[in-house]
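**Student:** Below is the structure I would like to discuss, written out as structure tokens.
The values are calculated or read from the model by the stated rules, or taken from the named source; none is laboratory data. This is a predicted model, so every value here is computed, not measured. With ideal geometry, Cβ positions are generated from the backbone for all residues, glycine too; neighbour counts draw on all protein chains shown.
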Amino acid sequence: MRDVWTRYVPFDELPQLLNPRGGYIHNENDSPHFTNVRGQIDTTNAYPNFEKPRLFLRSQLAIELIGGDNKMSLEDVVRTKHSYNMLLADRVKADLVAAVKATNPTGDVASALALLEKWDNSAAPDSKGALLFEVWWQRYSPRVADTTRPQPVPESFLFSTVWSAAEPTTTPHGLADPARAAASFAWAVSETARQYGSWDLAWGAVHRVRRGNVDVPVGGGSPELGCFRALGFTRAPDGKLVASGGDAWVLAVEFGDVPHAYSVLAYGESSRPDSPWYADQAEMFAKGKLKKVAFTEADVNAQAVGRYRPGEKR
């Protein structure tokens, strides 16, 4: 019973960080050690084995997005939050391209490689190359993408340089097995065409937000791919991938005498398909848009669509 939790960990015994350099804290389901990389957190607490230090690709991208010295407005934060960058591609695409070129590819593989070289390394809805890269990674990696964090597997099987606490924001990178990577790419070209009809489709042609009568393309992807806009997908009967987890409720707040905030709830305020509030925010979410939050009484009154008191007939 020594290892069974029997009480809450007191707040004072948890890792603490006060007024960190750079003016930010962040966490994307990682350990607390790199909550701010400019001044690492003191983890000398009563539970030294509470969680091992780790910083996954999604979190590394978050630091890259907010780690500069420029001040950001709330609107800047909202735009930054909707980055479509796929950090995994930044880390391994050069090795992948070199590995495939070494095989002297022809036909569709050569054409697909040219597409990959021009790809902007993003999972934007109109980005061509992202879908092919995703299918390739699923073949090259033995693990299945999870909607919250990567499955545990020896990184040395995937990357030539594995993650290191000494270089937490620049590792892992490179490919451990170029030959397997090249073979996986050739497979991905034919498999993407088989599954979706073509290997050069835009990301949003396959990745969709569907709710009620809404059926629109969406950007973002698995944290395993290094996407900050984390989305998990479920395959629909028509073969398309429909967003089913990850980002859903987004709230951006600027505190002050009167809070200033924006929000979106992907699946709406109602679970009833016949409700006008069932799918009214789905397309807004898919487009990376947020609505202004009503905080003051005047704002609430301005947005009200009806009035009633509990107990009254509506």
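**Student:** In segment 94-129, how many are out of contact with any helix residue (DSSP H, G or I) (no Cβ under 7 Å at 6 or more places or on another chain) and closer than 20 Å to Arg58 by Cα?
**Tutor:** Of the residues in that region, 2 qualify.
**Student:** Give Ala294, Ala286 a once-over and let me know the one that is buried (at least 17 other Cβ atoms within 10 Å of the Cβ) and out of contact with any Ser or Thr (no Cβ under 8 Å at 6 or more places or on another chain).
**Tutor:** Only one candidate qualifies: Ala286.
**Student:** Checking Thr192 against (1) closer than 30 Å to Glu51 by Cβ; (2) surrounded by 17 or more Cβ atoms within 10 Å (Cβ to Cβ); (3) over 16 Å from the mean Cα position of the chain (by Cα); (4) among the hydroxyl-bearing types (Ser, Thr, Tyr): exactly one of these is not met. Which one?
**Tutor:** (1)
**Student:** Please state which one of Thr169, Thr192 is in a helix (DSSP H, G or I), in contact (Cβ under 8 Å) with a residue 60 or more places away in the chain and among the hydroxyl-bearing types (Ser, Thr, Tyr).
**Tutor:** When all the criteria are applied, what remains is Thr192.
**Student:** Moving to a separate point now. Quick check: anything in segment 155-170 at pLDDT 95 or above, within 27 Å of Val109 (Cβ to Cβ), surrounded by 15 or more Cβ atoms within 10 Å (Cβ to Cβ) and β-branched (Val, Ile, Thr)?
**Tutor:** Yes, the conditions are met somewhere in segment 155-170.
**Student:** Also: When you look at Leu113, is it part of a helix (DSSP H, G or I), in contact with a Cys (Cβ under 8 Å, 6 or more places away or on another chain) and either free of Cβ contacts under 8 Å to residues at least 60 places away in the same chain or closer than 28 Å to Phe233 by Cα (or both), yes or no?
**Tutor:** The answer is no for Leu113.
**Student:** Out of everything in segment 74-96 that is of a type outside the set (Asp, Glu) and free of Cβ contacts under 8 Å to residues at least 40 places away in the same chain, what residue ends up being farthest from Pro168 (Cα to Cα)?
**Tutor:** The qualifying residue farthest from Pro168 (Cα to Cα) is Arg79.
A quick yes/no check of all residues on (1) in contact with a Cys (Cβ under 6 Å, 6 or more places away or on another chain); (2) in a loop (DSSP other than H, G, I, E, B); (3) aliphatic (A, V, I, L, M); (4) assigned by TED's automatic domain parsing to the domain that holds Ala176:
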residue	(1), (2), (3), (4)
Ile25	no, yes, yes, no
Arg38	no, yes, no, no
Ser59	no, no, no, no
Glu64	no, no, no, no
Gly68	no, yes, no, no
Glu75	no, no, no, no
Val78	no, no, yes, no
